[in-house]
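**Q** I have a structure I would like to understand better, so I am pasting it below and will then ask my questions one at a time.
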Amino acid sequence: MATADVPAISRSRATRASLRLAVLMFMADPQWLIPSMIAPVIFGVVAFELFRGAGPYFLTYAILGAGMMSMWGQTLYGSGWAIGQDREFGTLEPTVQSPTPYVYVVLGRVLWNVVSGLMGGGIVYLVVLASAGSPPAVPDPVGFVILFLFVMLTLASVGILFSAAWVYTRYSGFIQNVGEFAFYVGTGCMFPIVLLPFWTNPIGLFFPPTWALDALRYLSIPGYVGFSWGFWPDILGAVVTTLVYVAIAGTIFKRVELHVLAKGNLSDY
Amino acid sequence: MATVNASAGAPLAPATRTSFWRTFWTNAVIAPRTTLGFMRIDFVLGTIFIIPLMQMVFFVFVVQVSGGGASAIAFTALGNAVSTVTYSSIFSVCQTTDSEKQQGTMEHLLVSPANRLALYFGRGLLPILISLATVSVGILYAVLLFGVQIPVATVPSLAVSVTLTAFAMVGFGLLLGGVALYLRTSIILGNIFLFIGLLLSGVNFPASQLPTVLQWIGYGFPLTWGLSAIRASVAGDSLGAVALLWGAVVVAAVVSFGLAIGLWEYFERRALATGSIARF
């Protein structure tokens with residue numbers, strides 16, 4: 001049972017141990033190469049072929065889009081599995097019963113999802129770079145890197161919320177498989193969502209990466225036409241939605257722990 | 001293969017095979033809803049109606065952003081409408097081997113006297129039907145939403161192309177399922193072929209844009225030939241030209257089914273010899 005007086009060292013140690021285990025399981029089970037590495041590289045090369053010759057910043061578009069899909073894919077599948085694995089292995093209840101709040105265990109797994117997604121983005125960058133023969137034109141490289149890290153943070157918040165939500169549903173696999181392209185479309189991974197019918201835009205705005213990615217494109221692609229409100233409101237929207245996601249996820253995780261004590265049926269698969 | 005009285009030292013006699021049609025029916029209708037697990041109504045409806053739409057929207061908008069015109073959009077829309085067949089034909093079928101291993105039913109299946117041909121064709125039946133529905137709905141989306149023109153006169157030829165493609169793709173899925181018998185998991189295999197068609201089979205851009213080596217690899221996939229046949233049908237090419245492509249699709253289907261059965265028999269013998277291959 002998690003208690004309020006759990007020392008911080010225990011929490012950070014749980015997160016580190018969880019992160020380490022996630023790395024080891026990633027290496028032991030190569031299926032995770034698909035969403036984080038293989039699929040994005042294929043999408044990146046396809047995007048490169050489609051964008052070829054479409055202006056000086058087409059390379060940035062292709063790399064950003066495929067890299068983003070890599071991180072999205074890893075977040076979507078990895079976070080779904082973050083709790084699913086405990087449920088399937090029968091370790092969910094013992095882990096939740098341990099003194100450290102469960103959210104810190106999940107945090108370690110989500111961190112690895114972000115890192116492996118970033119690795120996928122790096123591989124996409126190298127593959128597209130090799131196809132193009134020259135690096136993409138980025139006006140503000142330092143700002144680009146900082147904002148890219150921020151995009152990862154927004155994705156991590158989505159990962160934590162999804163992890164929490166998947167506890168209450170057996171449909172995570174369905175949502176991941178059927179909704180994969182829907183997430184890519186709805187959050188504007190490869191193109192701005194302002195191109196989509198207007199009624200779809202508010203749905204996309206529920207996701208922090210939509211805001212952050214729009215800001216990243218404003219920064220790195222001169223002449224980019226995204227949301228009419230521009231760069232800084234994008235940043236503000238991303239920060240606010242990320243905080244909301246983290247707050248909701250924290251609430252859900254607390255509820256999960258109470259639910260375990262009350263019902264004792266959390267590990268039913 | 002299963003025998004009787006082996007432990008008693010009596011002469012080996014071939015076990016009685018259950019009827020072909022009973023095995024076929026069990027694997028076609030009952031197994032997908034139970035052990036194989038892919039016949040769930042939410043997954044089926046999602047595969048038929050949602051995945052094609054989302055995949056087409058995604059790539060069509062990418063083409064639009066890159067400055068592609070109406071013809072490029074139509075090309076991409078039709079390509080993705082057809083390529084979504086891989087979800088039901090390759091991924092679902094390929095994963096049946098995993099499902100058997102995971103649920104511990106593979107050992108029982110391997111020592112059962114079930115007719116293997118009936119088993120394989122039975123498992124392919126529902127995926128073929130779902131594949132037909134997926135491609136049909138995808139093509140409908142392409143016409144209604146993305147401006148793909150399909151003259152009425154070409155519909156019979158298109159129907160033949162779609163049907164042959166569905167058969168060939170399910171055969172390819174069974175082939176990968178046979179390979180998966182030897183692997184720890186088939187998920188990687190299924191996923192690789194799920195995505196690689198987008199690149200090598202002329203789905204989003206003509207395969208001729210690729211380096212020659214990649215083009216030749218692409219020719220090894222039934223999707224490449226099936227998609228070519230469907231594009232030729234839609235374009236109203238002569239029956240002779242389309243028939244050549246149909247021949248290629250049929251060859252791809254026959255080779256896939258043949259290799260699938262051959263692989264299954266080979267790995268089945270290995271499984272019985274080593275006793276470990278059916279583990280997850």
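What follows is calculated from the coordinates using simple rules that are stated; it is not laboratory data. Because the structure is a prediction, the values reported are computed rather than measured. So basically every Cβ, Gly included, is an ideal-geometry build from the backbone, and we count neighbours across all protein chains shown.
**Q** If you split all Cα-Cα distances of the protein assembly as shown into 20 Å bins from zero, what percentages do you get per bin, shortest first?
**A** It works out to 20, 51, 26, 3, 0, in whole percents.
**Q** Could you list A:Val244, B:Val44, B:Val162 in order of exposure, starting from the residue whose Cβ has the fewest other Cβ atoms within 10 Å?
**A** Working: A:Val244 14, B:Val44 19, B:Val162 23.
Lowest to highest Cβ neighbour count: A:Val244, B:Val44, B:Val162.
**Q** Can you list the HN-Hα couplings for the stretch B:125-132, worked out from phi with the Karplus curve (6.51, -1.76, 1.60; θ = phi - 60°), rounded to whole Hz and with x for Gly and Pro?
**A** 4, 4, x, 5, 5, 5, 4, 4
**Q** Just need log10 I(q)/I(0) for the stretch B:148-198 at q = 0.29, 0.32 Å⁻¹, Debye formula, equal scatterers on the alpha-carbon atoms, no solvent, rounded to two decimals.
**A** Listed by q, the Debye log ratios stand at -1.06, -1.13.
**Q** Sequence-distant or interchain residues sharing an amide H contact under 5 Å with B:Ser186, placed H: which?
**A** Residues meeting the criterion, in which the H sits 1.01 Å from N, are B:Asp98.
**Q** For a Förster distance of 30 Å, can you work out the FRET efficiency between the beta-carbons of B:Val29 and A:Val194, rounded to the nearest 0.05?
**A** 0.05
**Q** Take the Cα atoms of chain B, find their three principal axes, and give me the spread along each one in whole Å, biggest first.
**A** 74, 37, 35
**Q** Give me the three principal axis extents of the stretch B:152-280 from the C-alpha atoms, as integers in angstrom, largest value leading.
**A** 55, 29, 21
**Q** At q = 0.08, 0.11, 0.14 Å⁻¹, what log₁₀ I(q)/I(0) does the stretch A:8-263 have when each alpha carbon counts as one equal point scatterer in the Debye sum?
**A** -0.32, -0.59, -0.93
**Q** Using a 10 Å cut-off around each Cβ of peptide B:40-48, what is the average number of partner chain Cβ atoms that fall inside?
**A** Average per residue, whole number: 2.
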